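Colleague: Below: one structure in structure tokens.
The values are calculated or read from the model by the stated rules, or taken from the named source; none is laboratory data. Small disclaimer: the values here were computed from a predicted structure and weren't measured. Positions of Cβ are backbone-derived with ideal geometry, glycine not excepted, and every protein chain shown enters the neighbour counts. Surface accessibility is based on the protein's heavy atoms, side chains included, excluding ligands, DNA and RNA. Shrake-Rupley method; radii C 1.70, N 1.55, O 1.52, S 1.80 Å.
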Amino acid sequence: MSLANKNILLGVTGGIAAYKAPDLVRKLTAEGANVRVVLTDSASEFVSPMSLQAVSGNPVHQHLLDADAEAAMGHIELAKWADILLIAPATANTMAKLAHGLADDLLTTLFLATTATVYIAPAMNQQMWKAPATQRNLSVLETSGITMLGPDSGEQACGDVGTGRMLEPLDIVRAISVPRNQELAGMNVVITAGPTREPLDPVRYISNHSSGKMGYAIAQAARLAGANVTIISGPVALTTPPGCQRIDVITAEEMLNKAKAEATNCDIFIATAAVADYRAAEVADNKLKKSSDELTLTFVKNPDILATIAALEDGPFTVGFAAESQNVEAYAKDKLIRKKLDMIAANDITREGLGFNSDDNALHVYWQTGDAELPTGKKSELAKSLLSLVATHYKNKKSG
Ligand code: C5P
């Protein structure tokens, strides 16, 4: 892993996890980063500017309207200096301010003034994390392309148990570092994951049982293999793997639009999403009423997202999934050819304890000239093996 010569602006806000900030700074500098720290007023109640100055080797920035600090390195200069803005810990209050573009202190002003890649590591009480307002702010930040790191689950300083702990400093450093000599170093990988939901009326939809676990496991493995990862995700109950960017969508059409936009800068496109095959021909404006004994709805076919991306000229290396209940090999190979894919991973959904919603799976991978069996295992392990195959075949294709 490396952060060699990266300029990292570390924003520390006022939560108990701020006591870990000096350790985080040490770990960032150990990877070769230049670190400057910005403390909010309440953060300085938890951690002293002096210790952060000592470990970072730079003066700590605290106030927006400070003539001396502005003379040394003005806030716009500081915003331009940064390659990465990392806010750890980020309180619920700071997340709210960032989501709404408030700029009433140095850190929130820098956030608006910088073009650096932004990472946020939230830390707060589990109930504050669950609060609808925090979840809305989270979704605003994620859809603006900001990468969230955690939070983790477990015991909290206040005695509660739940989600809201700051990721450990080492995990934060790993998530933002560029892995060295990794199979997918620097590659842009886009992954569709989870189900889509197709509305019937303002309150109802059709969907499927996809949990998104396989796609998220691949996203995490791709990130660890050095890729820049974007997950285009249908509605799932999973946290975004550290260091991955996530774009939330609901319907197949939204997923297609985001996939087309992301495909312009993508090396490898992996479609794990269980896209609904059909959507209602017309979505009723009002709630459908229970009147007759039978209800007939007309459905129309959804676009095939993966086939659309595979048909692009100079498009990415494409990997599809085939969940089959019979003739697994024949159906998978048919999809490989019909959708013009580079690779397809097939699984037999009739095998007990595997596939949908499970943590385990077994895959058989096919490409034009061969195949490989990836035996039953944790989705995280399968994801690694699959990505190794992808990396090899991607390189073969590039070298012609
Ligand atoms: O045709 P089938 O749905 O079985 O194909 C499965 C593969 O195609 C998966 O990789 C899935 O993510 C992708 N797919 C898609 N858009 C659709 C249907 C399937 O991207 N509308």
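Colleague: Just need a number here: residues in region 257-271 that are in a helix (DSSP H, G or I) and open to solvent by less than 20 Å² (accessible area, probe 1.4 Å).
Modeller: Matching residues across region 257-271 total 2.
Colleague: Filter region 249-272 down to the residues that are without any contact (Cβ under 8 Å) to a residue 60 or more places away in the chain and not charged (D, E, K, R), then identify the one that is farthest from the ligand (Cβ to nearest atom).
Modeller: Among those that are without any contact (Cβ under 8 Å) to a residue 60 or more places away in the chain and not charged (D, E, K, R), it is 264.
Colleague: Which of the residues spanning region 313-323 are open to solvent by less than 70 Å² (accessible area, probe 1.4 Å) and more than 8 Å from the ligand (Cβ to nearest atom)? First the steps, then the outcome.
Modeller: Narrowing region 313-323 to residues open to solvent by less than 70 Å² (accessible area, probe 1.4 Å): 315-323.
Selection gives 315, 316, 317, 318.
Colleague: Let me ask another. So which residues in region 367-389 are over 20 Å from the mean Cα position of the chain (by Cα) and of a type in the set (A, V, I, L, M), if there are any at all?
Modeller: Selection gives 372, 374, 389.
Colleague: Would you check if there is a residue in region 214-236 being open to solvent by 10 Å² or more (accessible area, probe 1.4 Å) and within 11 Å of the ligand (Cβ to nearest atom)?
Modeller: yes
Colleague: What tally of residues in region 188-236 results from selecting those that are outside any strand (DSSP E or B), among the polar types (S, T, N, Q) and under 22 Å from residue 388 (Cα atoms)?
Modeller: 1
Colleague: Name the pairs: first residue in region 277-302 and in the same structural domain as residue 194 (by TED's automatic domain parsing), second residue modelled with pLDDT under 95 and within 16 Å of the ligand (Cβ to nearest atom), Cβ to Cβ under 8 Å, at least 6 apart or on different chains?
Modeller: Listed by first residue and then by second, the contacts come to nothing, as the list is empty.
Colleague: Another question, then. For region 363-373, indicate whether the set of residues that are within 21 Å of residue 224 (Cβ to Cβ), among the polar types (S, T, N, Q) and at pLDDT 90 or above is non-empty.
Modeller: no
Residues are listed down the side, and each one gets a yes or a no for (1) within 19 Å of residue 44 (Cα to Cα); (2) surrounded by fewer than 20 Cβ atoms within 10 Å (Cβ to Cβ):
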| position | (1), (2) |
| --- | --- |
| 92 | yes, no |
| 96 | no, yes |
| 110 | yes, no |
| 116 | no, no |
| 119 | no, no |
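Colleague: I've got another one for you. Mind listing whichever residues of region 273-309 are within 16 Å of the ligand (Cβ to nearest atom) and polar (S, T, N, Q)?
Modeller: 302, 308
Colleague: Pairs, please: C-beta under 6 Å, at least 6 apart or cross-chain, first residue touching a residue at least 60 places away in the same chain (Cβ under 8 Å) and in region 210-228, second part of a helix (DSSP H, G or I) and of a type in the set (Gly, Ala, Ser)?
Modeller: Close Cβ pairs (under 6 Å, with a partner that is part of a helix (DSSP H, G or I) and of a type in the set (Gly, Ala, Ser)) amount to 217/380; 217/383; 218/383; 221/383.
Colleague: Would you please list the contacts, defined by Cβ atoms under 9 Å and residues six or more apart or on different chains, that run from a residue in region 324-340 that is within 11 Å of residue 310 (Cα to Cα) to a residue that is part of a helix (DSSP H, G or I) and of a type outside the set (Phe, Trp, Tyr)?
Modeller: 338/307; 339/306; 339/307; 339/310; 340/307; 340/310
Colleague: Another question, then. If you take the residues in region 386-400 that are touching a residue at least 12 places away in the same chain (Cβ under 8 Å) and open to solvent by 20 Å² or more (accessible area, probe 1.4 Å), which one is farthest from residue 323 (Cα to Cα)?
Modeller: For region 386-400, the residue satisfying everything is 397.
Colleague: Residue 246: surrounded by 14 or more Cβ atoms within 10 Å (Cβ to Cβ), in contact (Cβ under 8 Å) with a residue 40 or more places away in the chain, of a type in the set (Lys, Arg) and more than 11 Å from the ligand (Cβ to nearest atom), yes or no?
Modeller: Answer is yes for this residue.
Colleague: If we keep just the residues of region 57-79 that are touching a strand residue (DSSP E or B) at 6+ places or on another chain (Cβ under 6 Å) and in contact (Cβ under 8 Å) with a residue 40 or more places away in the chain, which is least open to solvent (accessible area, probe 1.4 Å)?
Modeller: 61
Colleague: If residue 287 satisfies all but one of (1) farther than 25 Å from residue 367 by Cβ; (2) of a type outside the set (Ser, Thr, Tyr); (3) outside any loop (DSSP other than H, G, I, E, B); (4) over 13 Å from the mean Cα position of the chain (by Cα), what's the number of the condition it fails?
Modeller: Here residue 287 meets the rest and fails (3).
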